[in-house]
Amino acid sequence: MKIKYFKSVKIYQVVDALEHYAPLPLQEGYDNAGLQVGLTEAVEVSGALLCLDVTEAVVDEAIRKGCNLIVSHHPLIFRKLARISDENYVQRTVRKAIKNDITIVSMHTNMDAAKGGVNFKIAEKLGLRNLRFFGGEKEIDGVKGGEGVIGEITDETDTLHADGIAADDLVLMLRERFQAECVQCNQLLRRPIRKVALCGGAGSFLLDAAIAADADAFITGEMHYHEFFGHEQEIQICVIGHYQSEQFTSEIFRSIITEKCPGVKCEISEINTNPIIYL
């Protein structure tokens with residue numbers, strides 16, 4: 001049996017691969033994607049733990065699994081830290097990561113916007129075809145990005161569903177494929193759903209663009225109460241939860257790292273960091 005030997009990979013090389021796929025300039029102005037904690041240049045990566053959110057429990061998991069790199073979707077540090085103590089979970093998590101020589105990197109709205117990023121992963125889970133951005137496009141360093149993705153429903157054989165599907169069937173599909181304990185909807189649409197627009201996380205700002213793109217349904221993770229009004233029989237709104245909509249982002253990280261940095265151990269976190277419970 002031929003044994004494969006992989007040269008050692010530095011943390012910065014993993015970060016470069018992620019940022020090449022989703023350049024940091026694609027992120028929104030309010031965001032803080034990129035390096036959060038730790039060193040990257042001279043440190044060899046022992047393993048990468050991939051997650052949606054970074055908490056103390058996630059850092060503990062990285063320690064147990066021998067990973068000195070954590071790649072998250074949501075940044076641990078959103079706002080400037082005036083001090084690092086133990087006043088809240090962010091400060092405690094930063095302290096624990098530094099104490100254990102763990103580097104934390106986040107790929108947030110840059111990964112939302114990148115082609116092949118978060119919204120494309122959601123579309124993949126739904127089996128949508130003929131995907132395109134519908135909320136505007138831009139290009140950074142040769143990487144195409146945009147807001148929201150729209151595509152067409154397919155059937156069990158992965159061919160376009162000419163007749164569309166009923167609204168309640170779409171809801172059942174969302175519950176099953178995203179392990180959503182509930183789906184918040186407006187009045188169920190009485191026409192077939194063929195074209196679906198979506199945006200992971202808090203995507204309500206794209207509802208009007210979805211309507212303008214002639215979508216039959218709009219799927220997102222969060223919407224406010226008043227935003228549901230006035231769209232009865234215009235578009236089917238389905239809100240599946242912020243965590244639920246973005247939970248598969250770690251699969252994107254894994255694909256990038258295993259392709260660009262072969263030999264690096266990748267572990268998808270086993271911890272459900274959703275702070276919302278459903279009773």
Let a ≥ b ≥ c be the square roots of the eigenvalues of the Cα gyration tensor of the range 112-246; is it rounded (a/c under 1.5), or, if not, prolate (a/b larger than b/c) or oblate? rounded
Which residue, LEU18, LEU170, LEU207, tops the fluctuation ranking in a GNM of the chain built on C-alpha contacts under 10 Å? LEU170
Would you please give the residues with an amide H less than 5 Å from that of SER106, counting only those at least 5 places away or on a separate chain, with H modeled from the backbone geometry? GLY34, LEU35, GLN36, SER72
If I take every Cα pair under 8 Å that is 6 or more residues apart in the chain, average their sequence separation and divide by the length, what percent do I get for the relative contact order? 20 percent
If you build a Gaussian network model of the chain, linking Cα atoms that sit under 10 Å apart, which residue out of SER106, SER245, SER46 swings the most? SER46
Give me the lysines in straight-line cross-link reach of LYS138: C-alpha distance below 30 Å, same-chain residues under 8 apart excluded. LYS80, LYS115, LYS121, LYS125, LYS195, LYS260
List the residues, sorted by chain then number, that are 5 or more residues from ILE237 or on another chain and whose placed amide H is less than 5 Å from its amide H. ASN186, PHE218
Treat each spin label as a single point 7 Å out from the Cα along the C-beta direction, and report the ILE98 to SER8 distance in nm. 2.5 nm
The range 98-133 to the range 199-260: how many Å between their Cα centroids? 13 Å
Quick one: among GLU246, GLU222, GLU232, which has the greatest mean-square fluctuation in a GNM of the chain with alpha-carbon springs under 10 angstrom? GLU232
Residue by residue through the range 235-250, the couplings from Karplus 6.51 cos²θ - 1.76 cosθ + 1.60 with θ = phi - 60°, in Hz, x for Gly and Pro, are 7, 8, 8, 9, 10, 9, x, 4, 4, 4, 6, 10, 5, 9, 4, 4
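List the relative contact order of the range 175-254 as a percent without decimals, with contacts defined as Cα pairs under 8 Å and 6+ residues apart.
Relative contact order of the range 175-254: 38 percent.
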Whole-number percent relative contact order across the range 112-246, with pairs defined as alpha carbons under 8 Å at least 6 apart: 24 percent
Under the rule of at least 5 residues apart or a separate chain, name every residue whose amide H is placed under 5 Å from the amide H of GLY164. none
Could you state the number of Å between the C-alpha centres of the range 45-78 and the range 20-41? 15 Å
Per-residue HN-Hα couplings for the range 211-219, Karplus 6.51 cos²θ - 1.76 cosθ + 1.60 at θ = phi - 60°, whole Hz, x for Gly and Pro? 5, 5, 8, 6, 6, 7, 9, 10, 10
What label, among [x] 20.4; [y] 19.8; [z] 19.0, belongs to Kirkwood radius over Cα pairs in Å computed from the structure on display? [y]
With -39,500 (n - 2.57) per DSSP H segment of 4 or more residues and division by the full residue count of the chain, the 222 nm estimate, nearest 500 deg cm²/dmol, is -8000 deg cm²/dmol
Please name which of ASN119, PHE178, ILE165 has its Cα lying farthest along the dipole of the range 112-246 towards the positive end, using unit charges on Cβ (Lys, Arg +1; Asp, Glu -1) and the Cα centre as origin. ASN119
What FRET efficiency comes out for GLU259 versus LEU39 if R0 is 35 angstrom and r is the Cβ-Cβ distance? Round to the nearest 0.05. 0.90
Determine ³J(HN,Hα), in whole Hz, for all residues of the range 91-101 in sequence, where each value follows from phi through the Karplus function 6.51 cos²θ - 1.76 cosθ + 1.60 and θ = phi - 60°; x replaces Gly and Pro. 4, 5, 5, 4, 4, 5, 5, 5, 4, 9, 6
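Here, each number is a calculation from the coordinates, and none is a lab measurement. Note that the structure is a prediction, hence the values are computed from the model and not measured. With ideal geometry, Cβ positions are generated from the backbone for all residues, glycine too; neighbour counts draw on all protein chains shown.
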